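Below is one structure, written out as structure tokens, with a few remarks after it.
Bear in mind that the values in this text are calculations on the coordinates, not laboratory data. Note that the structure is predicted; figures quoted are calculated from it, not measured.
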Amino acid sequence: MNTTILRKSVLGIAGLAFAGGLAAGPLHHTTTDTVDARPVAVQADTTVDAGKLIPHGVQGAQSRIDLDAEQTANAKAIIAATKKAGLDERAAVISIGTALQESKLQNLGHLGDRNDHDSLGLFQQRPSSGWGSPEQITDPQYATTAFLKGLRQVDGWQDMPLTDAAQTVQVSAYPDAYAQWEQQAADLVAQHWNS
């Protein structure tokens, strides 16, 4: 049995369903719960401009997962770090969509043999690729700030579809996978931006 199939089997049992990424890239997930691709109404606070959240519309079928308290806290931490960095709601949507794909908003530590190289945290950043120390990249604020630093270096990220902006920062083996989380990311930003 090849190692990718074995890894998927082991992780599927654990309920994490991870697949390996590029040697220089983060861990990527391939198992998702696909839902109806029609847009879901953003339940936004009246002070959040819904047009800023998904300026290009969603691309393809959208996935959605139920979040527990820890995952919700991680989404709020990403929003807080985005605000602290002086970036807008769209940057938060891109960040949360990326973290939904990379870790399902779980701040993952080292997974032993199931780990993709040395990928850690919400964004599955790698210490060996210069993202920071293991302690730093498992700190949601630091990890988000590091992701946003990479995002800022992408010319025109504000005008890119989420999946293109995320892929340029993350260098994923599955570049289109980020798109499926845009609606849920936008809903989370709309719900928590002003909370």
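See the values below:
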{"read-out": "Cα-based reach from K104 at 18 Å (exclusive), listing lysines while leaving out same-chain residues under 8 positions away", "value": "K8, K76"}
{"read-out": "Distant-in-sequence amide H partners of Q125 (H built 1.01 Å from N, under 5 Å)", "value": "L120"}
{"read-out": "Cα-based shape type of segment 58-195, given that a ≥ b ≥ c are square roots of the gyration tensor eigenvalues and the cut on a/c is 1.5", "value": "rounded"}
{"read-out": "Note, ³J(HN,Hα) from phi for segment 166-180, Karplus 6.51, -1.76, 1.60, rounded to Hz, x at Gly and Pro", "value": "4, 4, 5, 7, 7, 6, 7, 6, 10, x, 8, 5, 5, 4, 5"}
{"read-out": "Lysines with Cα under 17 Å of K149, excluding same-chain neighbours fewer than 8 positions away", "value": "K83, K84"}
